[in-house]
Each structure stands twice: as structure tokens, then as C-alpha cells.
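The values are calculated or read from the model by the stated rules, or taken from the named source; none is laboratory data. These numbers come from a predicted model, not from an experiment. A quick note on method: Cβ atoms are made from the backbone with ideal geometry, for glycine too, and the neighbour counts reach across all protein chains shown. Protein only, heavy atoms only, side chains kept; ligands, DNA and RNA dropped before computing areas. Shrake-Rupley method; radii C 1.70, N 1.55, O 1.52, S 1.80 Å.
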Amino acid sequence: MFSPGLSVALLAASCALWPAAVRAASCESVRIPLCRSMPWNMTKMPNHLHHSTQDNAVLAIEQFEGLLGTGCSPDLLFFLCAMYAPICTIDFQHEPIKPCKAVCERAKTGCEPVMKRYNHSWPDSLACSELPLYDRGVCISPEAIVKAEGPDPYYQDPARCNPESSPDFPMDSNNLHCRGPSRDRCKCKTVRMVLKTYLRNNYNYVIRARVREVRNRGLEPTAVVEVKEVLKSSLVNIPRETQTLYYSSSCLCPPLTPGEEYLIMGYENEETSRLLLIDTSIAQRWKDKMSKKVKRWDQILQGKGRGGQRGRPGVASEI
């Protein structure tokens, strides 16, 4: 068992020494460009923000490039990478290690004033309150790392994207990030609404809802919907009224069109009582037959759960 404030440098080295089969089965190499300077090179998805792939995590973390460029906190990049590309070790394969609470608080203290100048606040999804304390649990912190001689790997050049140093600073006051090619790279993958997908993904909630508004401003893109019918809920009470759905990235996947009515399948965050939309969520334009289909699928899912086979891959029928 690791002692509090574990040494990330030693953990990263141990990851590299694992047999190839172990690394392939549990961890994957960090491919997020912003996080390649971190003292670990192996991560595991889904991350702490519910991104199932690094491709989706890249699009989300790149929203912070403008904030990183301001140099508002030397801890911001470390904290973001610990959340978006968490270190993966052989001892913690099932639950990625979180950053320490103090790291989050330092990043927030330094950067939230900058965000407020653009009418934004620290995202709830990056709340510090749920993170472990350095001396009371397993977490990662820059001060636990023995750095090699050389340039600071967490240094962010303030002149690269800084409203104070450049009149042409490309930070959009509506969304608080440097404009770049990330929007052009957005491509939502197709998630088929079939029984096999439903059993495999085991969605927390399924609702019928009319989309009122899609908001892609700030660091937490959302969709405001009017819930018409709740077909399934697991961890969060979902009343038939206006609800906010929280996207996991600025790509807005799955896409929703205001004014249209959809069948929406996604996940719930019990701690924050949020309804989440991630890349494996489903949003299909509503048809009357969908209600009966979902109820039938859920009966099958519950039956498999009672038999100890919940969500077993290989069910190919489409009922």
C-alpha cells in the first residue's frame, strides 16, 4: 500500500517496467500533448471527468490552453493532467489516483480571479472538495516528486496566450480558451441504439425530452431540456421539468438540436446530482415506439443483473 503523498516519479518508472501484456491490459501511454511533460507516461480511461478515450479528453483539456497561458498558477497544468490523464499504476488499475486537494485549491486560488474577469467561475466538475488530503489518503502532488535537473516541465510561457502581454490575445471572452484547431477536429462517433449497446453501456438514465437550448460558453458546455418522460433513473431524482445536461467536452457529443424532441441515454453523477452526456451517450429523435422498446430492454438488463451477467458483451439481437 502506498503511503500518503506517494512519489509519482517512482510510480511512473515502475509502470515502464511492467510486462507488455500487463501494460496493454490495464494502462495506455499518455497521448495528450499538454500532458506529455508530466512525470508519468501511463494513464487509464475513463478519467476523472468521465472521458472514455484520450481523444475526447484532448478536446476537453484544450479548452484550458488560454488559462494555462496566463501563468495564473504553476499547479494548474499538473492538476488538469492528473484529472484528464490520471496516472495508472499496477496497484491502482481499477480506480485512477486523484490529485491532492491542496493542488486543486492552489490552482483555483490562482486562476479563478482570471476566469472571473471573463465572467466565468471555477468549474463544478473540477471541485476541490471531493479530492483527498495529502496526509490522509493516496493522491499525487508536485511536491511529492523528485525532479531531475533541467527546465521546469510545468512551465507555461505567459507570452504564448496572455491577454496582458498581447493585444491580439486569442482568448474568447465567451468560452475562455485559446482559439485553435480543436473545433475543426470534433467528430461525434456513431452509437447505435440497439440492445447490445444498451446492455453493454448500462446507462443510468433514459429520458424523453425536448431541447430548449444548447450552451457552448464557458468550460462546461450544457444542454437545457424539458423532460417529458423518465424511462429510467438510477442515482438521481429526475422530475418532469426543465433539466440541465452536462457535456464532457466542447465537441457536444451526442449532438442535440434546439426545438427537437429526443430519446436521451446517459449517466448520472450521484455526488453532484448531474445528468451527464459523454461520447457513448445516445440521443435519437423521438419516436412513439421507443418507450416500449427501452422498457423491454431494461427488463432484459435487470434479468441479466440478477443472473450475474449484467451487460455481458456478445448479445447481438436487436429487439
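So, of the residues in the stretch 16-37 that are under 27 Å from Pro74 (Cβ atoms), open to solvent by 50 Å² or more (accessible area, probe 1.4 Å) and assigned to a loop (DSSP other than H, G, I, E, B), which turns out to be modelled with the highest pLDDT?
Once the filter is applied, the top-ranked residue is Arg31.
Mind checking which residues of the stretch 45-96 are among the charged types (D, E, K, R) and at pLDDT 90 or above?
If the condition is that a residue be among the charged types (D, E, K, R) and at pLDDT 90 or above, then Asp75 is the only one that fits.
Restricting attention to the stretch 246-269, which residues are closer than 23 Å to Thr53 by Cβ and open to solvent by 30 Å² or more (accessible area, probe 1.4 Å)?
Listed by number, the residues that qualify are Tyr246, Leu252, Pro255, Tyr267, Asn269.
What are the residues in the stretch 279-295 that are within 16 Å of Gly266 (Cα to Cα) and either of a type in the set (Val, Ile, Thr) or not in a strand (DSSP E or B) (or both), if any?
Across the stretch 279-295, the qualifying residues are Asp279, Thr280, Ser281, Ile282, Trp286, Met290, Ser291, Val294, Lys295.
Yes/no per residue for (1) farther than 26 Å from His51 by Cβ; (2) within 21 Å of the chain's Cα centre (by Cα); (3) at pLDDT below 90:
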residue	(1), (2), (3)
Cys111	no, yes, no
Cys128	no, yes, no
Val146	yes, no, yes
Glu149	yes, no, yes
Pro153	no, no, yes
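Just checking, does the stretch 46-55 include any residue being open to solvent by 10 Å² or more (accessible area, probe 1.4 Å), more than 17 Å from the chain's Cα centre (by Cα) and of a type in the set (A, V, I, L, M, F, W, C)?
Looking for residues that are open to solvent by 10 Å² or more (accessible area, probe 1.4 Å), more than 17 Å from the chain's Cα centre (by Cα) and of a type in the set (A, V, I, L, M, F, W, C), one finds none in the stretch 46-55, hence no.
How many residues does the stretch 270-286 hold that are touching a helix residue (DSSP H, G or I) at 6+ places or on another chain (Cβ under 9 Å) and open to solvent by 40 Å² or more (accessible area, probe 1.4 Å)?
2
Residue under question is Thr190, and the condition is that it be open to solvent by 50 Å² or more (accessible area, probe 1.4 Å), in a loop (DSSP other than H, G, I, E, B) and in contact with a strand residue (DSSP E or B) (Cβ under 7 Å, 6 or more places away or on another chain); does it hold?
In short, no.
Rundown of residues vs (1) closer than 26 Å to Thr280 by Cα; (2) aliphatic (A, V, I, L, M); (3) touching a residue at least 60 places away in the same chain (Cβ under 8 Å), yes/no style:
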| site | (1), (2), (3) |
| --- | --- |
| Met38 | no, yes, yes |
| Leu49 | yes, yes, yes |
| Leu68 | no, yes, yes |
| Ala85 | yes, yes, no |
| Ile97 | yes, yes, yes |
| Ala107 | no, yes, no |
| Glu112 | no, no, no |
| Met115 | no, yes, yes |
| Asn119 | no, no, no |
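On the given criteria, is Lys304 surrounded by fewer than 19 Cβ atoms within 10 Å (Cβ to Cβ), at pLDDT 90 or above and out of contact with any helix residue (DSSP H, G or I) (no Cβ under 6 Å at 6 or more places or on another chain)?
Taking the combined requirement at face value, the residue does not satisfy it.
Which residues, taken from the stretch 38-65, are out of contact with any Leu (no Cβ under 8 Å at 6 or more places or on another chain) and small (Gly, Ala, Ser)?
The answer is Ser52, and nothing else.
Please determine, by comparing only the residues of the stretch 56-101 that are open to solvent by 10 Å² or more (accessible area, probe 1.4 Å) and of a type in the set (Phe, Trp, Tyr), which one is farthest from the chain's Cα centre (by Cα).
Phe92
Looking at the stretch 65-88, can you tell me whether even one residue there is assigned to a loop (DSSP other than H, G, I, E, B), of a type in the set (Gly, Ala, Ser) and over 14 Å from Ile140 (Cα atoms)?
Within the stretch 65-88, one or more residues are assigned to a loop (DSSP other than H, G, I, E, B), of a type in the set (Gly, Ala, Ser) and over 14 Å from Ile140 (Cα atoms).
So, in the stretch 215-245, exactly how many residues are in a strand (DSSP E or B), open to solvent by 20 Å² or more (accessible area, probe 1.4 Å) and modelled with pLDDT of 90 or more?
9
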